[in-house]
Each structure stands twice: as C-alpha cells, then as structure tokens.
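Participant: Handing you this structure, nothing more for now.
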Amino acid sequence: MPATAATEPTITALVTGASSGIGAALAALMAADGVNLVMTARHGPEMEAMAADWRQRHGVAVSVIELDLARPGAARELAAEIDQRGLAIDYLVNNAGFGTYGHFAATSVTETEELLRLNVEALTTLTGLLLPGIIARRGKIMNVASTAAFQPGPHMAVYYASKAYVLHFSEALAYELKDTGVTVTSFCPGATATGFQERARMQKAAMLHLVKMPSSEVVAGAAWQAMRAGRGVVVPGALNWLLTFGVRFAPRRLVTWAAALVTGPGAN
Ligand SMILES: NC(=O)c1ccc[n+]([C@@H]2O[C@H](COP(=O)([O-])OP(=O)(O)OC[C@H]3O[C@@H](n4cnc5c(N)ncnc54)[C@H](OP(=O)(O)O)[C@@H]3O)[C@@H](O)[C@H]2O)c1
C-alpha cells in the first residue's frame, strides 16, 4: 500500500545517481512515502532490482533510465527520454557526482572533464530543461553539494570547486524562484560511507579516519526531510555545520591550509 493518502496529489521525482549510496537511499525513502520515481545512473540492473521491490511493496510507479550522464549531451538525452515516456517531473534531485583524489597536475584531464560534465554541466542542463515543468507544478529541486563547497580543497581541487559551483548556483536559483512556489535545497553532507571514497581513490585521506562516517541511510533521511520542508542550505551533522560556519571567519590561506591537512594522506 502506498503511504500517501489517495487524496494527495501524485508526485514524480527524478533522482540522478540512484543506483547506490545517498541517491539510492533517498529514492527508497521517497518510494516508501508514495512518491513515483524516475531513477537514473549507469548501473541499470541494480536500479531495476530496487524498482521491482518498491513497485511491489509501496505500489509506486518507478521508471529506470540507464545512462552515463558524464557523456557530452547526456543530460539532454535524459530530458528527451523522460519526455518521450510521457513523464512529468515534480521533484528533481541532482545527486549524481564523483570525486578524484590527488594533485591536479597528476590527475587525468579526461577524468576531470567527466567530473565537470557530471557534477556541474549535467546538473545545470537538467535543471534548465526541467525547470519550466517544475515551475508549472510548483515542485521542488534538491542539488547535492557537499561540505566541500565551503572552501578550497587541495588534493581534490576540482571536486571541491565543482561543489562550490553547485552551492552558489543553487542558492542564487532559490532566490530567483522565491515567488514561484518552487524551493531549491542545497544539500551539503560531510563524508558519508558510500562507494564515493573508493571511486575517488581517497581511502588514505586523513578526513576519513578522524570521525566515523554516517551511513547513506542516515544522510538521505536528513536530505529528504530538508527537501520536503523546502529548506535552503542544509549541512547535516553538528560538527559539519560548525566547520562550514567557522570557515567564514578565518583567513582564506588558513582555511586552505587546514583543508589540505584533512584531505591529505593520514597517518596510516
Ligand atoms: N560520500 C560522501 O562522502 C559525500 C560527501 C558529500 C557529498 N557527496 C555527494 O553525494 C552525491 C552522491 O554520492 P555518494 O556518496 O552516494 O556516492 P556513490 O555511492 O558513488 O553514488 C554516486 C551515484 O552517482 C552515479 N554516477 C556516478 N557517475 C555517473 C555517471 N557518469 N553517469 C550517471 N550516474 C553516475 C552512480 O551510479 P553509477 O555508478 O551506476 O553510474 C551512483 O548512483 C555526489 O554528488 C557526491 O559528490 C558525497
């Protein structure tokens, strides 16, 4: 049985990066609350398995679109596919993203281009293409940034800068849309236990050994709550909040130095 009462309007949410981690956990919470879903990522079978489970358990409609959003033009292809399937998106969650670890001079330029296409370009293009429909339906947008958005990040320079873009773009968009009924949430989690660290090849980074990382389920719970409430910038976790607040008052060189300490290789 869907958790949503029959009288409530049916909501359809597009979640990018829904095959694992925060995106999958968030999609699970939405499905349990009766939200219909469009899931997208590269790993189709993983999403199909979750979709089958949620259709059966929650009675929601779930569409799966297998796509590499880091390919040039992929965000436009996704929007066209959504259109072709006759789906109307009320809630957009731009969650897909990845990081690369190491000095920029030693990082593959091709991988950097893919990162920027996924974390920045696809997020922006999808928002632009779906926005007219979202405004018409007074929907919601949530862009997954990071605590990385608040300062420069030596050892992960492009990733940190990509998340600063996500945060600033989302805050400005929230302001521009304030009279439309559309809310834009900038969700900024700190380090979370997902496949992110392995893909970024950052297992040795000191930050991962300083505090225990929360699970994707815990972080997704905070994200869903924030999006439903239409909140603006949300940094889950007291320590994360304190750190992102604190950097406002410290000299930028000191902030960059401190960031390099936590992103740099740890003792072990
Ligand atoms: N984990 C953290 O510590 C942390 C902290 C702050 C912010 N974040 C942000 O949270 C978001 C979700 O990350 P996560 O931690 O949940 O990591 P994750 O478990 O690695 O999930 C990333 C998701 O993005 C999808 N994705 C990656 N490359 C893609 C591509 N080329 N095309 C389409 N989809 C792609 C992945 O699916 P496929 O592999 O199937 O394509 C997966 O579903 C990201 O934006 C990340 O920057 C993470």
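Participant: For ASP83 and GLU48, what does the FRET efficiency come to when R0 = 22 Å and r is the distance between their Cβ atoms, rounded to the nearest 0.05?
Facilitator: Efficiency for this residue pair is about 0.55.
Participant: Follow-up. How much net charge surrounds VAL38 when only other residues with a Cβ under 11 Å from its Cβ are counted (Lys, Arg +1; Asp, Glu -1)?
Facilitator: So the environment of VAL38 carries a net charge of -1.
Participant: Hey, another quick one. Against the longest principal axis of the chain, how steep is helix 252-263, in degrees 0 to 90 to the nearest 10, with axes from Cα atoms?
Facilitator: 80 degrees
Participant: Ok, one more. Near LEU78, within a Cβ-to-Cβ distance under 14 Å, what is the net charge of the other residues, with Lys and Arg +1 and Asp and Glu -1?
Facilitator: Overall, the nearby charge balance is -1.
Participant: Output the peptides 181-190, 239-248 sorted from most to least packed, where packing is the average of other Cβ atoms within 10 Å over each peptide's residues.
Facilitator: Final packing ranking: 181-190, 239-248.
Participant: Still on this structure: Just to be sure I understand the model, the point goes 7 Å from the Cα along the line to the Cβ. What's the resulting GLN225 to ALA172 distance in nm?
Facilitator: Taking the two extended label points, one gets 3.1 nm.
Participant: Using every alpha carbon pair in the stretch 1-108, what percent of pairs falls into each 5 Å bin from 0 up to the bin containing the largest distance?
Facilitator: Percent of Cα pairs in each bin: 2, 12, 22, 22, 17, 10, 6, 4, 2, 1, 1, 0.
Participant: Among the aspartates and glutamates, which have Cα under 18 Å from the Cα of LYS163 when same-chain residues fewer than 8 positions away are ignored?
Facilitator: LYS163 reaches GLU111, GLU113, GLU114, GLU121, GLU171.
Participant: Can you list the residues, at least 5 places off or on another chain, whose amide H is less than 5 Å from the amide H of VAL38, using H built in the peptide plane?
Facilitator: Excluding prolines and chain starts, which carry no amide H, the hits are ALA13, LEU14, VAL15, SER63.
Participant: Still on this structure, please answer the following. Most exposed first by the Cβ proxy, i.e. fewest other Cβ within 10 Å, how do LYS204, LYS140 rank?
Facilitator: In order of increasing Cβ crowding within 10 Å: LYS204, LYS140.
Participant: Same structure, new question: Per the helix-only calculation at 222 nm, which mean residue ellipticity applies to the chain, given -39500 (n - 2.57) for every DSSP H run of n ≥ 4 and division by its residues, nearest 500 deg cm²/dmol?
Facilitator: Calculated at 222 nm, the ellipticity per residue is -14000 deg cm²/dmol.
Participant: List every residue whose amide H lies under 5 Å from the amide H of ILE89, counting only residues 5 or more places away in sequence or on a different chain, with H placed 1.01 Å from N in the peptide plane.
Facilitator: Amide H neighbours of ILE89: none.
Participant: How many times 2.2 N^0.38 Å is the alpha carbon radius of gyration of the chain?
Facilitator: Compared with the compact-globule rule of thumb, the chain sits at 0.99.
Participant: Tell me, in nm to one decimal, what length is gained between ALA193 and VAL211 on full extension, where the rule is 0.36 nm per residue of separation less the Cα-Cα distance?
Facilitator: Extra length available between ALA193 and VAL211 comes to 5.4 nm.
Participant: Can you give the net charge of the other residues whose Cβ lies under 14 Å from the Cβ of LEU116, counting K and R as +1 and D and E as -1?
Facilitator: -1
Participant: List MET50, MET39 from most exposed to least, where exposure is judged by having the fewest other Cβ atoms within 10 Å.
Facilitator: Ascending number of Cβ neighbours within 10 Å: MET50, MET39.
Here, each number is a calculation from the coordinates, and none is a lab measurement. Everything numeric here is computed off the predicted structure, so don't read it as measured data. With ideal geometry, Cβ positions are generated from the backbone for all residues, glycine too; neighbour counts draw on all protein chains shown.
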